[in-house]
Amino acid sequence: MDWSRRAVLGAAGAAAVSTTASAQAQPPIKIGILVALEGAFAAGGADGVRNVELALRQVRNMAGGRRVETIVAPSDTRPDTAVRQARKLIEQDQVDFIIGPLSGSEGIAMRDYAKTIPTKTVINGISGALETTWVDPAPNFFRYNLDGAQWGAGLGTYAVQTKNYRRIASVSADYSFGYTNFLGFAVDFCRAGGNIAQRFWVPLGAADFGGVIAQLPDNIDAIYLGLGGTDAINFLNQWQQAGAGTKIIGGTIMADQTVLTARGRARNALIGALTSGPFAEDNPDPAWRDYVRAYQEGFPAAQRFASPSLFGVGYYIATLAAIAGLNAVNGDLSDGQQKFRAALSALKLASPLGEITLNENRQATGTVFVNEVAEGPGGTLVNKMVAKTDGVTQTLGMTAEQFRAMGLPSRTTPSDCAALARR
């Protein structure tokens with residue numbers, strides 16, 4: 001070994017000793033991980049936990065010169081459970097801040113709870129309801145993932161212009177994220193000249209879809225399926241059993257790894273399905289490839305998905321943001337975490353999805369990918385990128401006034417394809 005290399009290693013070793021001593025002199029930073037580990041999204045929640053572990057492992061559980069500890073609080077996608085667990089994290093476990101939640105309605109509840117803990121910070125896990133950062137947002141709630149409406153951008157245009165799907169029916173989950181994700185798709189689809197013949201809404205956690213399947217119209221080009229997790233698997237299995245042959249356009253969580261890896265009839269129904277969301281599995285960007293490789297090498301194959309799930313990606317990026325914010329303020333969480341929150345707001349976060357910045361609502365702007373499900377090696381199912389839309393804003397390219405005039409996501413919003421086509 002030459003002297004210059006020995007000198008570098010010696011300096012690095014001295015720095016490491018100094019950093020370790022400094023970290024030992026300060027109390028650890030405690031992060032509460034609020035994540036759904038029960039219910040329809042339990043498998044995705046488990047992947048969220050894996051990805052938090054991965055992000056922290058990559059920095060040796062250090063941020064801002066201090067050691068980082070985590071406490072996991074399991075939820076079940078219900079807002080009351082999420083708030084109860086968040087309160088436990090803050091009041092009993094004495095965490096410094098929270099990363100989470102996972103599901104849409106949980107996010108809205110956590111926005112409201114965040115307002116009751118003004119000296120603490122909440123960094124969203126992956127929940128995607130529009131209202132969380134659009135309607136009376138909390139100044140201490142930060143979301144580095146796109147919301148569900150943003151995730152729908154570009155999918156409708158591709159369905160109309162490339163696949164010639166012009167008339168559809170929809171089956172979506174009857175809760176905040178289901179409304180939000182459908183709204184984003186519907187705005188794009190209607191603008192491109194599509195028509196929505198009929199809408200069906202089903203409870204989150206439903207098991208029997210026979211009644212809805214029997215009512216689906218025949219004279220449509222495709223079905224928009226806004227379900228995820230076990231709900232999507234159950235619907236697709238029953239739909240295949242009923243002999244369905246209509247093409248599928250999926251909501252963002254319909255062809256996630258939690259669904260692609262399912263067994264049974266659902267597999268056949270998925271081939272050729274279109275979806276859109278914040279990432280593409282075959283994205284050639286080196287940052288994405290490095291992240292996927294780290295995920296695959298970080299956990300035994302039997303204890304992870306083939307590649308990170310949507311839920312996992314969200315929690316990974318949220319943890320990257322927390323680490324970057326802590327580094328920017330040297331771990332200083334004093335004065336009600338004001339410096340930390342200022343750093344989070346100003347971040348230009350380097351991530352596997354590219355650079356992420358926040359708008360005035362502390363909401364991310366970014367790229368949406370359109371994917372098509374195809375057969376991969378060994379009979380597996382994979383998502384293939386077929387299109388993407390860059391710079392998707394929270395108002396989907398409209399002015400704030402135009403977007404607000406459309407109304408908040410609901411069973412009936414957006415209401416009129418013809419009106420959307422004129423926007």
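The values are calculated or read from the model by the stated rules, or taken from the named source; none is laboratory data. Since we're looking at a predicted model, the values are computed, not measured. Positions of Cβ are generated from backbone atoms using ideal geometry, with glycine treated the same way; all protein chains shown enter the neighbour counts. Calculation scope for accessible area: heavy atoms of the full protein, side chains included, ligands and nucleic acids excluded. Shrake-Rupley method; radii C 1.70, N 1.55, O 1.52, S 1.80 Å.
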Checklist entry - What pairs come up if the first residue lies in the range 148-177 and is touching a residue at least 24 places away in the same chain (Cβ under 8 Å) and over 17 Å from Asn195 (Cβ atoms), the second is in a loop (DSSP other than H, G, I, E, B) and among the basic types (Lys, Arg), and their beta carbons are under 8 Å apart, counting only those six or more places apart or on different chains? => result Asp174/Arg411
Checklist outcome for this item: Listed by first then second residue, the pairs whose first member lies in the range 70-90 and is of a type in the set (Asp, Glu), whose partner is in a helix (DSSP H, G or I), with beta carbons under 8 Å and at least 6 positions apart or on separate chains, are Asp80/Ala109
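Kindly evaluate Phe403 against the criterion of being within 21 Å of Gly193 (Cα to Cα) and in contact with a Pro (Cβ under 9 Å, 6 or more places away or on another chain).
no
So, restricting to strands (runs of 3 or more DSSP E) that lie completely within the range 270-375, which ones have at least 2 residues that are on the phi < 0 side of the Ramachandran plot and buried (at least 24 other Cβ atoms within 10 Å of the Cβ)?
274-277, 364-375
Determine, yes or no, whether Phe185 is closer than 16 Å to Gly128 by Cβ and outside any strand (DSSP E or B).
The answer is yes for Phe185.
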Checklist entry - Would the range 160-176 turn up any residue that is among the polar types (S, T, N, Q), open to solvent by 40 Å² or more (accessible area, probe 1.4 Å) and in contact with a Pro (Cβ under 9 Å, 6 or more places away or on another chain)? => result no
Checklist entry - Do any residues in the range 401-413 that are touching a residue at least 40 places away in the same chain (Cβ under 8 Å) and closer than 14 Å to Ser170 by Cα have Cβ atoms under 8 Å from those of residues that are open to solvent by less than 80 Å² (accessible area, probe 1.4 Å) and hydrophobic (A, V, I, L, M, F, W, C), where the two are at least six apart or on different chains, and which pairs are they? => result Arg411/Trp201; Thr413/Leu183; Thr413/Met406
Checklist outcome for this item: Of all helices (runs of 4 or more DSSP H) fully inside the range 30-142, the set with 2 or more residues that are closer than 22 Å to Leu358 by Cβ and open to solvent by 10 Å² or more (accessible area, probe 1.4 Å) is 104-114, 131-134
